[in-house]
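Input: a single structure, listed below in structure tokens.
The values are calculated or read from the model by the stated rules, or taken from the named source; none is laboratory data. Here the structure is a predicted model, which is why all the values come from computation and not from measurement. Cβ sites come from the backbone with ideal geometry, for glycine too, and all protein chains shown count toward neighbours. Areas reflect the complete protein model, heavy atoms only, side chains present, ligands, DNA and RNA absent. Shrake-Rupley method; radii C 1.70, N 1.55, O 1.52, S 1.80 Å.
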Amino acid sequence: MKLCRFDDNRLGVVSDDQVHDVTDVLAGLPAMQYPYPMFDALIASLPDLRGEIERLAKSARAVPLASCRLLSPVANPGKIVAAPVNYQKHLQEVRKDANLHHGNMINEIERAGLFLKATSSLVGQADGVHLVHTDRRNDHEVELAVVIGKRAKNVTREAALSYVAGYCIGLDITIRGPEERSFRKSPDSYTVLGPWLVTADELPDPSSLDLSIDVSGAARQRSNTSDLILDVPALIAFASSFYTLNPGDILLTGTPEGVGPIEPGDVMTATIQRIGTMNVAVSAA
Ligand code: MN
């Protein structure tokens, strides 16, 4: 199933070029009171709501996908975990280019570990990316994004994929420079998630997916998730040995070689096999 959040926080099931509006299912979410949970309530309840979503989708009002403003498929992630330099050729390009490494020691991911992006940086395709500090180099990074489905702590590699709710395309927008990654990668709109969530039952094996990004029609990144240094199960095991992962937490799996600058006026077209394509406009904040 492809689940999207669109327009005024509506929930939809995408099939071909139509979106079936299943917003009514949100009434079945558990009632909440302060303090609110630090995870995404919809993703946490997906296993319980799945049947009702499928039932509603059959009779739901359908609207053309092209007319929908697609928002981040996850509304309230507790955290956004990201992998640095998780493709060998990207590690090589960063180490070779001072405009990329800025004098920082670039370690292999096993030594560098993971990092966090601010949840306030998260947007969907329709929001677009709004660049700050346009005098500096702002880069695109296309990445397979994993959405965690249930609480995960010290998960084994073998069990890891059973903790996944689904997959999206992720863009990890990055200001190049000497500062900490979390600082350079966390301005508002610097994490794009979309265009929808493909549930894990529809994509049981993320280990061999083509991914790509074009910027204003020019090819930039072309790779396959089979080139990941730490693959999805290994990343979940690694992350959950430090953090407790909760439903709706987003794991950005790292970007391949070919990173490059974006400017106001550009349009990024990102594609991941079996997920889809999203077009994201770039402007100045
Ligand atoms: Mn990245």
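When only C-alpha pairs under 8 Å and at least 6 residues apart count, what is the relative contact order of the chain, in percent?
Details: 692 pairs, mean separation 71.1, N = 285.
It rounds to 25 percent for the chain.
Just from the alpha-carbon atoms, what are the Rg and Dmax of the chain in angstroms?
18.1, 58
State the three equivalent ellipsoid semi-axes of region 205-261, derived from the C-alpha gyration tensor as the square roots of 5 times its eigenvalues, in descending order and whole Å. Can you show the working numbers first?
Numbers: eigenvalues 135, 33, 19 Å².
They are 26, 13, 10 Å, listed largest first.
Please give me the summed charge of the neighbours of residue 196: other residues whose Cβ is under 14 Å from its Cβ, Lys and Arg +1, Asp and Glu -1.
Local net charge: 0.
Which semi-axes, in whole Å and largest first, does the equivalent ellipsoid of region 1-111 have when worked out from the alpha carbon gyration tensor as the square roots of 5 times its eigenvalues?
39, 20, 12
Label region 168-285 by shape, choosing from rounded, prolate and oblate, from the square roots a ≥ b ≥ c of the eigenvalues of the Cα gyration tensor; if a/c is under 1.5 it is rounded, and otherwise prolate applies when a/b is larger than b/c, oblate when it is not.
Details: a/c = 1.69, a/b = 1.25, b/c = 1.34.
Oblate, since a/c reaches 1.5 and b/c is not below a/b.
Which of the listed residues, 261, 225, 162, is farthest toward the dipole's positive end in region 135-285, when Lys, Arg count +1 and Asp, Glu count -1 at the beta-carbon?
162
If you only keep lysine pairs separated by 8 or more in sequence, or across chains, how many in the chain come under 24 Å at the Cα atoms?
13
Could you do me a favour and compute the accessible area per residue for region 2-67, 1.4 Å probe, result in Å²?
61 Å²
Spin-label point model (7 Å from Cα, Cβ direction): what's the residue 182 to residue 207 distance in nm?
Here the answer is 3.2 nm between the modelled labels.
Quick query: amide H of residue 137 versus all other amide H atoms, modeled in the peptide plane; which residues come in under 5 Å with a sequence gap of 5 or more or a different chain?
176
Dividing the alpha-carbon Rg of region 63-193 by 2.2 N^0.38 Å yields what?
Here the answer is 1.14, to two decimals.
Just name one of 152, 49, 6: the one whose Cα is farthest towards the positive end of the charge dipole of the chain (beta-carbon charges, Lys/Arg +1, Asp/Glu -1).
152
Calculate what fraction, in whole %, of the accessible area of the chain sits on carbon and sulfur atoms when a 1.4 Å probe is rolled over the protein chains.
Numbers: 6210 of 12350 Å².
Carbon and sulfur atoms account for 50 percent of the accessible area of the chain.
State the dimensionless ratio Rg/Rh of region 2-67 (Rg: radius of gyration of Cα atoms; Rh: Kirkwood radius).
Numbers: Rg = 12.7 Å, Rh = 12.6 Å.
Value, to two decimals: 1.00.
Given the chain, what percent of its DSSP beta bridges are antiparallel, to the nearest 5?
Roughly 90 percent of the beta bridges in the chain run antiparallel, per DSSP.
Dividing the alpha-carbon Rg of region 153-209 by 2.2 N^0.38 Å yields what?
So region 153-209 has a normalised radius of gyration of 1.46.
Taking +1 at the Cβ of each Lys and Arg and -1 at the Cβ of each Asp and Glu, which of 194, 277, 122 sits farthest along the dipole of the chain towards its positive end, judged by Cα position relative to the Cα centre?
Of the candidates, 122 comes out farthest on the positive side.
Given a 1.4 Å probe, how much area per residue of region 80-284 is accessible, in Å²?
38 Å²
In whole Hz, what ³J(HN,Hα) sequence does region 105-113 give by Karplus (6.51, -1.76, 1.60; θ = phi - 60°), x for Gly and Pro?
Couplings: 5, 9, 8, 4, 4, 4, 8, 6, x Hz.
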